[in-house]
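Everything below concerns the one structure shown next.
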Amino acid sequence: MAPPYVTVGIPYPGASPDVVEKQVLKPVEDQISAINGVKQVMGQAYDGYASVLIEFYFGKDLNVATQEARDAISSIRSDLPDEMKEPVIKKFNDTDRPIVSLALSSAVLSPAELTRLADPDITRQLRAIPGVADVEVFGNVDRELTVEVNPTALQAAGVSVAQVVAALQAQNLSAPVGRVIGTLNERSIRLKGRLETPDDFKQLVVAERGGRVIRLGDVADVKDGTAEARTMALYDGTQAVGIDVKKAQGYSTTDVAARILVQVAKIQKTLPAGTTMRVVKNSGVRVTAAVHNVEEALLEGALLTVLVVFLFLNSWRSTVITGLALPVSVVVDPAAPERDVTGFVVLKLGEQSRHIPFWLRVASPRLPSEAAIALGRPGIYRGTTAGKPSRVSSYRYPENPPILAGA
């Protein structure tokens, strides 16, 4: 069953959190709260962004809920700021949460070098694992080339800042420019004009004055640095780069997590000295533990059932039948389709009788006739075996029995 949640993300560039709350978040929350089936609305205002989590009651169609949320925001779009971008509305999915989280840290590499090591090298290897849907990197420090113009040099050369910006936009690009068609093949022609190093930028032509070419290095200084950090990841008090791995739908969490751990062990051998990649979170361990707990609960329940039958009935025969019927009842015949069994049980006590309707869904057609439990003690209601009625009760199958409960 899908979680009854819908998320709404509303970008509002340049707005402070209090402005986002007053002008965007509050009107949107009020409008969404009026939707039928909404249980709770939780909103958060950030710097230039608003996030809304909508919880619906179970049974609400999420496709309808998503459309209703979109219509509710559209109805007040004219009242919202013009600078606000279109909201992103999507259904919450379990696969949106990572199943494995990794921390890449180093005692010798800088955060920028760790970032270049993590993306694209490590992320590419993790995305190649079957069952992995996406790999996200956070706490990364991206590379950034900074151009610091010299006002005095600009004035002496007769170049404006706008000309410098236009030269950077026009000459720092990579784009297709055409194709060459041969007799049996066709080749694309692409302009490789993307600049990589500060020296490349310094050679960029900005303008020409009096037959003299003015380059960017003549009027500005180019530095190779890092962008302003927006997120940070720490592991054991040391700055690191975090990697979240998400699985695709239809794959086993434990299976995908095991494959990721195998790949992580291989990647660890190729990392530089002093660099380690550790597992911070592994959902496969939690799922394995949950399955183990269910198996223990089934075993304990079966033992308690057999014990209760023996203590209350004081009959080895009924206890053995119950003990044998329990494992048989959970065995599913893969060749037999599921089907419904309806009817009612007639309980007799002296001259009085009582009809109890029932409905059962079984995965094997042999269970109703061959796996019926007979409790052989006078005074205790018992069923039938292979369709033969007992002394105190019997199964009867009417054409349209009333249904009181289902299993």
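Each reported figure results from applying straightforward, stated rules to the coordinates on display, with no laboratory input. These figures come from a predicted structure and were not determined experimentally. Glycine gets a Cβ as well: all are built from the backbone with ideal geometry, and neighbour counts include every protein chain shown.
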Original post:
Rounded, prolate or oblate: which fits the stretch 84-216 when a ≥ b ≥ c are the square roots of the eigenvalues of the alpha-carbon gyration tensor, with rounded for a/c under 1.5 and prolate only if a/b beats b/c?
Top reply: prolate
Original post:
Looking at the stretch 163-269, which GluC sites (Glu not before Pro) are in a loop (DSSP not H, G, I, E or B) and have at most 11 other Cβ atoms within 10 Å?
Top reply: E196, E228
Original post:
Given S188, L173, L154, which one lies farthest toward the positive end of the charge dipole of the stretch 143-226, if we put +1 on the Cβ of every Lys and Arg and -1 on the Cβ of every Asp and Glu?
Top reply: S188
Original post:
From the residues Q44, P17, G59, which one has its Cα farthest along the dipole of the stretch 5-92 in the positive direction, the dipole being from +1 and -1 charges on Cβ of Lys/Arg and Asp/Glu about the Cα centre?
Top reply: G59
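Once R0 is set to 51 Å, what does the formula 1/(1 + (r/R0)^6) return for the Cβ-Cβ distance between S33 and L261, expressed as a FRET efficiency to the nearest 0.05?
That pair, S33 with L261, gives E of 0.70.
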Subject >> Charge tally in the Cβ shell below 11 Å around A227, where Lys, Arg are +1 and Asp, Glu are -1, A227 excluded >> reply: -1
Original post:
For T253, T183, T95, what's the fewest-to-most ordering of other Cβ within 10 Å of each Cβ?
Top reply: T183, T95, T253
Subject >> Rounded if a/c under 1.5, otherwise prolate or oblate - the stretch 85-161, Cα gyration tensor axes >> reply: oblate
**OP:** Rank these for me by crowding, S51, S78, S33, going from fewest to most other beta carbons within 10 Å.
**Re:** S78, S33, S51
Original post:
What size of dipole, in debye to the nearest 20, comes out for the stretch 143-226 about its Cα centre when the only charges are +1 on Lys and Arg C-beta atoms and -1 on Asp and Glu C-beta atoms?
Top reply: 360 debye
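Does the stretch 5-92 come out rounded, prolate or oblate by the C-alpha gyration tensor, with a ≥ b ≥ c the root eigenvalues, rounded set by a/c under 1.5 and, if not, prolate when a/b is larger than b/c and oblate if not?
Judged from the Cα gyration tensor, the stretch 5-92 comes out prolate (a/c at least 1.5, a/b above b/c).
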Original post:
By count of other Cβ within 10 Å, fewest leading, how are V41, V320 ordered?
Top reply: V320, V41
Subject >> Net dipole in debye of the stretch 87-158 [+1 Lys, Arg Cβ; -1 Asp, Glu Cβ; about Cα centre; nearest 20] >> reply: 220 debye
Original post:
For the stretch 5-92, with only Lys/Arg (+1) and Asp/Glu (-1) charged at the beta-carbon, what is the dipole magnitude about the Cα centre, in debye rounded to 20?
Top reply: 300 debye
